[in-house]
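The values are calculated or read from the model by the stated rules, or taken from the named source; none is laboratory data. As the structure is a computational prediction, the values presented were derived from the model and not from experiment. Cβ placement follows ideal geometry from the backbone for every residue including glycine, while neighbour counts extend to all protein chains displayed. Protein only, heavy atoms only, side chains kept; ligands, DNA and RNA dropped before computing areas. Shrake-Rupley method; radii C 1.70, N 1.55, O 1.52, S 1.80 Å.
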Amino acid sequence: MPTKTVRATCPHDCPDTCALLVTVEDGVATQVRGDPEHPTTAGVLCNKVSRYTERTYHKDRLLHPLKRVGRKGEGRFVRIGWDEAIDTIATRLGEIAARDPQAILPYSYAGTMGLVQGESMAARFFHRIGASLLDRTICASAGGAGYKYTIGTRIGTDLEQFQDAKLILIWGGNPIASNLHFWMRAQEAKRRGAKLIAIDPYRSLTAEKCHRHIALLPGTDAALALGMMHVLVRDGLLDEDYIARYTLGFEKLRERVADWTPARTAEVCGIAADEVEQLARDYGETARRGEPVAIRANYGLQRVRGGGMAVRNIACLPALVGAWRHAAGGMQLSSSDGFPKNSRGLQRPDLLQQPARTINMSTIGDDLLRPASPAFGPKIEALVVYNANPVAVAPESPKVAQGFARDDLFTVVLEHFQTDTADYADIVLPATTQLEHVDVHTAYGHNYIMANNAAIAPVGEAKPNTEIFRLLAARMGFEDACFRESDEELAAQAFNRQDARAVHVDWESLRRKGWEKLRLPAAPFAEGGFGTPSGKCEFYSERMHADGLDPLPTYIPPYESVASAPRLAEKYPLAMISPPARNFLNSTFVNVQSLRDTEGEPHLDMHPVDAATRGIADGATVRIFNDRGSFEAKARVTDRARQGLVVGLSIWWKKFAADGRNANEVTSQRLTDMGNAPTFYDVLVQVAKV
């Protein structure tokens, strides 16, 4: 067979959504590299995806359907055929559906971000059977809600403009590890004279390379934004014309921020008042000179009780100084809403014959343990997991594992590898990787529609998610024509909506070229046009008032902090966050040996003062614990973690940790102020030497 190059797309939960070129020799993928012609990928891949062939041809790759023979969690299985697997699943789901289909729950997230292998045929299947709906909140819903209340839609500064900014605030993210192609643009801006400021409780790899780092306490980002607004108003560092034309509620906002002096802000945030003053002046004075100021906010800052409000407060800043006038100004949280996805056509919610309850994926630990009740509905009897690893990634992991261990719970897992979650399955089905199937992608960090062509045939007996749900639908007697649509037909209809935002994307052209840019204005809000009901940036939001929220920017303290929960802090005085490790992507890639070797082992960064008071030396094994659970890690004594904070870079599979646990042993299932999202970084712990 001749050597060929196939156009593909990185499928993982990352804003960069890179364009890939896959080299195939004799039917084997031998290399994955970035497409040098794609403007945002620019031929560069992260160290994870550049080793994608290691993952596809991994020695532990699941190649055949499996049936459990040991206890749940032991991970003991025997090989079975596809017919037996599909028959077993269809029979069990059919029996449960006959009693109450809402006792069946799909559980999925962003193991692939593809519109075809994500929620197309799978969603059709679960709608047709009448299963419970899943509220997919685990990553971004709090920040998305806060941003949309203020801006109206999740669009913002185009990635391709950041290099022209003169000041960039990198707020709540570590793009060197998780947004590499933005970091490349930020570095170019720096070379051109821009100032970079990192706002992050932890001195990450990114923060180390910025001009300044503001190490605020976790969960206090909303307060810092209020303090910035106070200084901007006090010192007249405002674009009065932009405010008058394109914003709503400024006078109310002026009153609200009057009390947020730099001194008060500094006390709440655990920083110096001068840091608040200087940050606000840098921002306002740069904008006053007519130079672009940009904010790249990431989702780390919204994983606390007031996370939605924090993003809302930050989203008010660009309108105050007129930053949206510039293509390189404004703010980027996500570009998701720029894509006119045909979600209804792909997912077919019309197949749902009667209303179904909704289960929040972030409270799966509690919900798997709930009995049937009039308020909750039927007990969850069957769980089908795909594109997710909840036993490793869902909060309050001890309860999650307890729920998955129920003998009366029928669990199916579609996977590439025998993950922590797969160990609890009754049936495991081998799924294809991105190199083995067709898909089409949006992005949340740039404005390109992306195609993924299958580069190789499926490995072993693996099947695409879509084909697995087609087989299940056929075995359950679902005769709807939509279950016979091919992956190519699904991809072709992914953007062809029948409404005012309809666009036509020619799938054949897209798959040949690999990508196509959305036709969006360079400066989307230069002349207003916000997606809010008023068409303006809403400092005052009537929708928030109607939803029972404070309609103005405010500060909502964490559930767990020294200031907000002093009695709890007597037992557990250290805040903990668990941001992504550079060599993992959520729980993906943890089993790739070369990447795990680079990452080392689970470790906990803690400040020298905190370590000394506990008699902990660098390299010591420590136990991190609270009332919810505990896990162990090697201590790294470093001032990269501010005093009072410990940092456990994550997410490790439990089976690769010495004690079989990870950071989610101590996180909680409490939810955010809006968006019903998890509060992974709203945690108090104690640390002791083992």
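Structure notes:
- Estimated vicinal HN-Hα couplings, Hz - region 556-566 in sequence order (Karplus 6.51, -1.76, 1.60; Gly, Pro = x): 10, x, x, 5, 10, 7, 4, 6, 8, 9, x
- Whole-percent carbon and sulfur share, accessible surface of region 382-447, 1.4 Å: 46 percent
- As a fraction of the 1.4 Å probe accessible area of region 610-690, surface on carbon and sulfur atoms comes out at 46 percent.
- Given the choices (i) 39, 30, 25; (ii) 46, 33, 24; (iii) 70, 29, 23, semi-axes √(5λ) of the Cα gyration tensor in Å derived from the coordinates of this structure is entry (i).
- Positive minus negative residues near residue 151 (Lys, Arg vs Asp, Glu; Cβ under 12 Å): +2
- Segment residue 272-residue 366, length gained on full extension (0.36 nm per residue, minus Cα span): 29.8 nm
- The residues of region 346-465 expose, per residue, 27 Å² of accessible area to a 1.4 Å probe.
- Using a probe of 1.4 angstrom and keeping all protein chains present, the accessible surface of region 169-234 works out to 27 square angstrom per residue.
- With helices as the sole contributors, the chain gives -8000 deg cm²/dmol at 222 nm; each DSSP H run of n ≥ 4 counts as -39500 (n - 2.57), and the sum is divided by every residue.
- Residue-wise HN-Hα couplings along region 200-210, as the Karplus relation 6.51 cos²θ - 1.76 cosθ + 1.60 with θ = phi - 60° gives them from phi, are 6, x, 10, 7, 6, 4, 5, 4, 4, 9, 8 Hz; Gly and Pro carry x.
- By the rule of a C-alpha distance below 21 Å, with chain neighbours fewer than 8 residues away ignored, the lysines paired with residue 513 are 4, 341.
- Counting only Cβ charges, +1 for Lys and Arg and -1 for Asp and Glu, the dipole size of region 492-639 around its Cα centre is about 440 debye.
- Calculated FRET efficiency for the pair residue 354/residue 618, C-beta based, R₀ 56 Å, to 0.05: 0.40
- Among the GluC sites (Glu not before Pro) within region 486-579, those in coil by DSSP and having at most 15 neighbouring Cβ atoms inside 10 Å are 527.
- Convex hull per residue volume in Å³, alpha carbons only, for region 86-138: 86 Å³
- Within the full protein context, the accessible area of residue 78 is estimated at about 60 Å² for a probe radius of 1.4 Å.
- Simple Cβ-charge dipole of region 104-164, Lys/Arg +1 and Asp/Glu -1, about Cα centre, in debye nearest 20: 400 debye
- Other-chain or far-sequence residues with amide H under 5 Å of residue 410's (modelled H): 382, 383
- Those trypsin sites (Lys or Arg not before Pro) in region 285-353 that DSSP places in a loop and that have at most 12 other beta carbons within 10 Å: 289
- The label-point distance for residue 609 and residue 658, in a model that sets each label 7 Å from Cα toward Cβ, rounds to 2.9 nm.
- Remark on the chain: 14, 46, 139, 210, 269, 316, 482, 537 stand apart, with no other cysteine beta carbon under 4.7 Å.
- Taking packing as the residue-averaged number of other Cβ atoms within 10 angstrom, the listed peptides 546-554, 215-223, 193-201, 173-181 run from highest to lowest as 215-223, 173-181, 193-201, 546-554.
- Proximal lysines to residue 252, defined as alpha-carbon separation beneath 24 angstrom and excluding residues fewer than eight positions away on the same chain: 148, 536
- For residue 431, neighbours were defined as the other residues whose beta-carbon sits under 15 Å from its Cβ, and their charges (Lys and Arg +1, Asp and Glu -1) total -4.
- Surface accessible to a 1.4 Å probe, residue 212 within the full protein complex, Å²: 60 Å²
- Here residue 654 is the anchor, and the lysines within straight C-alpha reach of less than 28 Å, apart from those fewer than 8 places off in the same chain, are 48, 59, 67, 72, 379, 399, 463, 571, 634, 689.
- Evaluating 6.51 cos²θ - 1.76 cosθ + 1.60 at θ = phi - 60° for every residue in region 575-581, the Karplus couplings come out as 6, 10, 10, 9, x, x, 6 Hz, glycine and proline recorded as x.
- Apportionment of accessible area to carbon and sulfur, region 456-550, percent (1.4 Å): 49 percent
- Accessible area per residue for region 1-82 is 45 Å², calculated with a 1.4 Å probe on protein heavy atoms, without ligands, DNA or RNA.
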